[in-house]
Amino acid sequence: MAIIADLHIHSKYSRACSAKLDLQNLEKFARIKGISLLGTGDFTHPKWIKELKTKLVEDGSGILRTKRGFPFLLSTELSFIYSQGGKGRRIHNIVLAKNFEMVDQITDILGKNGRLDYDGRPIFGISCIEFVELMKEIDESIEIIPAHIWTPWFSLFGSNSGFDAVQECFGDQTKHIHALETGLSSNPAMNWRLSQLDKFQIVSFSDSHSFWPWRLGREATVFDTKLQYDTIVHALRTGEGLAETMEVSPLFGKYHLTGHRNCNVCMEPKEALQHKNICPKCKKPLTVGVEQRVEALADRELGYRPKHAKPFKTLIPLTELLAQLFNAGIATKRVLAEYFKIVEAFGNELRVLLEASSQELRKVTQEPIVDVILQNREGKVPIKGGYDGVYGVPLVIPIEDKTAIERKTSKAERGQPTLLDF
Ligand SMILES: [Zn+2]
Ligand SMILES: [Zn+2]
């Protein structure tokens, strides 16, 4: 059985997270989503680790289970802010650990380098090189994965904070880095454009700050291996047992295009370069998006596929599609009622998105929704690109508008419907 894993999430102890972001809700919504393995997130936080130790049972192979048997793997995300090569660097790394004992050792050492209790994702002033050295002194099995490697503010390749090469960031410790997280705003195909990334596994997780199904599991990595810490880490290190990733369209990510949120300015890389990355409205530097950053570092054209590249799927969460179809807020009664009705009929959301046949879907929901689910399965839902912290928007015609347009067309009324003008 394939393991659909979301190993980068956060708990209620991370900044800007709901107080209800606890194990119970994580398990509940992971099951609803169809995720079969979750990271715990935030394992350096004193209160969260205490909760994990009380409520989860170690099975001896590095997997922790809830009372009902749902599996978790110890994970966290840490922030590193430091200077290197005369430039300020801000990098986020995901860390995986095999058991509570190892987490205690990690926490011990990190506690000497900074405080841990103010945020589930604490900040340290040491370099990524020093950090990997510290971890490897504790245990070889600890895995470090650079997080959302392209986002502008806090990442390995970030336009405002990062490096141009993995080797520049991790130096001689690069040998301990095996996998890289794409982040929402890039997909594997974009990463394949850099020959320097060929030796790394490309993985995807949600970085969710909530348990809601439009966040949790919106990106995930599928493993075809035994459910154990060692086999999962082996897959991350070698690709053996790493089946594929599930991605949102990179346009959907908050940092795909270049722009300024407050100035309502959004540009493709070419246009941004014509403006020398300066905002035409406020004259300040634009937030350079992931597409432009990939373009700058790529040594291959889009479409190149490295030999050992893993396949990936492109899927927008069902709730996001329903919100557009109903022209309603994502957390509204109408969207959630339809979501749960459809999901209940098939067991979980990923089954709806990936497997449910059109005939089966038609029995449960209306035609325009079925059409969009099938379109989504082929990765063909058009998206208005995200930029400077603004999410992309699926360009799905609302059901009411569609009916109105059809009525109009059938009356052979003339004129371009403005509703189609996104
Ligand atoms: Zn992060
Ligand atoms: Zn501006």
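The values are calculated or read from the model by the stated rules, or taken from the named source; none is laboratory data. None of the values given here were measured: they were computed from a predicted structure. Every residue, glycine as well, gets a Cβ built from its backbone with ideal geometry; the counts of neighbours run over all protein chains shown.
With respect to the conditions (1) outside any helix (DSSP H, G or I); (2) more than 16 Å from ligand 1 (Cβ to nearest atom); (3) in contact with a helix residue (DSSP H, G or I) (Cβ under 6 Å, 6 or more places away or on another chain), S11 lacks only one, and its number is (2). D207 satisfies every condition listed in (1) at positive phi; (2) outside the structural domain of G162 (by TED's automatic domain parsing); (3) crowded, with 18+ Cβ neighbours inside 10 Å except (2).
Elements of the type helices (runs of 4 or more DSSP H) sitting completely within the range 225-336 and holding at least 2 residues that are under 22 Å from the mean Cα position of the chain (by Cα): these cover 229-238, 290-297, 318-325.
Quick one: would you say F157 is in contact with a Gly (Cβ under 6 Å, 6 or more places away or on another chain) and at pLDDT 95 or above? Against the criterion (in contact with a Gly (Cβ under 6 Å, 6 or more places away or on another chain) and at pLDDT 95 or above), F157 does not qualify. In the range 110-124, the residue that is farthest from ligand 1 (Cβ to nearest atom) out of those that are under 15 Å from H92 (Cβ atoms) and not in a loop (DSSP other than H, G, I, E, B) is L110. Could you please let me know if L236 is assigned by TED's automatic domain parsing to the domain that holds L37 and out of contact with any Leu (no Cβ under 9 Å at 6 or more places or on another chain)? When the stated conditions are applied, L236 does not pass them. Going residue by residue through the range 189-202, is there one that turns out to be at pLDDT 95 or above and within 16 Å of ligand 2 (Cβ to nearest atom)? No, the range 189-202 contains no residue that is at pLDDT 95 or above and within 16 Å of ligand 2 (Cβ to nearest atom).
One line per residue, one yes/no per condition, for (1) under 30 Å from R31 (Cβ atoms); (2) among the acidic types (D, E); (3) loosely packed, with under 15 Cβ neighbours inside 10 Å:
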site: G62; (1), (2), (3): yes, no, no
site: K67; (1), (2), (3): yes, no, yes
site: Y82; (1), (2), (3): no, no, no
site: G86; (1), (2), (3): no, no, yes
site: N99; (1), (2), (3): yes, no, no
site: V132; (1), (2), (3): no, no, no
site: I149; (1), (2), (3): yes, no, no
site: P152; (1), (2), (3): no, no, no
site: L156; (1), (2), (3): no, no, no
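Of the numbered criteria (1) crowded, with 20+ Cβ neighbours inside 10 Å; (2) more than 16 Å from ligand 1 (Cβ to nearest atom), the one D230 fails is (1). Among the residues of the range 170-209, those that are touching a residue at least 24 places away in the same chain (Cβ under 8 Å), in a loop (DSSP other than H, G, I, E, B) and charged (D, E, K, R) comprise R193, D198, D207. All conditions but one from (1) within 16 Å of ligand 2 (Cβ to nearest atom); (2) outside any loop (DSSP other than H, G, I, E, B); (3) among the polar types (S, T, N, Q) apply to S159; the one that does not is (2). Report, by residue number, each residue of the range 274-330 that is in contact with an Asp or Glu (Cβ under 9 Å, 6 or more places away or on another chain), hydrophobic (A, V, I, L, M, F, W, C) and within 16 Å of ligand 2 (Cβ to nearest atom). Answer for the range 274-330, where residues must be in contact with an Asp or Glu (Cβ under 9 Å, 6 or more places away or on another chain), hydrophobic (A, V, I, L, M, F, W, C) and within 16 Å of ligand 2 (Cβ to nearest atom): just L286. Looking across I91, I32, one residue alone is closer than 30 Å to V166 by Cα and out of contact with any Asp or Glu (no Cβ under 6 Å at 6 or more places or on another chain). It is I91. Is the range 356-370 home to any residue that is closer than 14 Å to L395 by Cα and touching a residue at least 40 places away in the same chain (Cβ under 8 Å)? Yes.
Can you say whether E271 is touching a strand residue (DSSP E or B) at 6+ places or on another chain (Cβ under 6 Å) and surrounded by fewer than 19 Cβ atoms within 10 Å (Cβ to Cβ), as far as the supplied structure shows? No; evaluated as a whole, the condition is false for this residue. The condition (being more than 22 Å from L353 (Cα to Cα), touching a strand residue (DSSP E or B) at 6+ places or on another chain (Cβ under 8 Å) and within 16 Å of ligand 2 (Cβ to nearest atom)) is satisfied by just one residue among P152, P146: P152.
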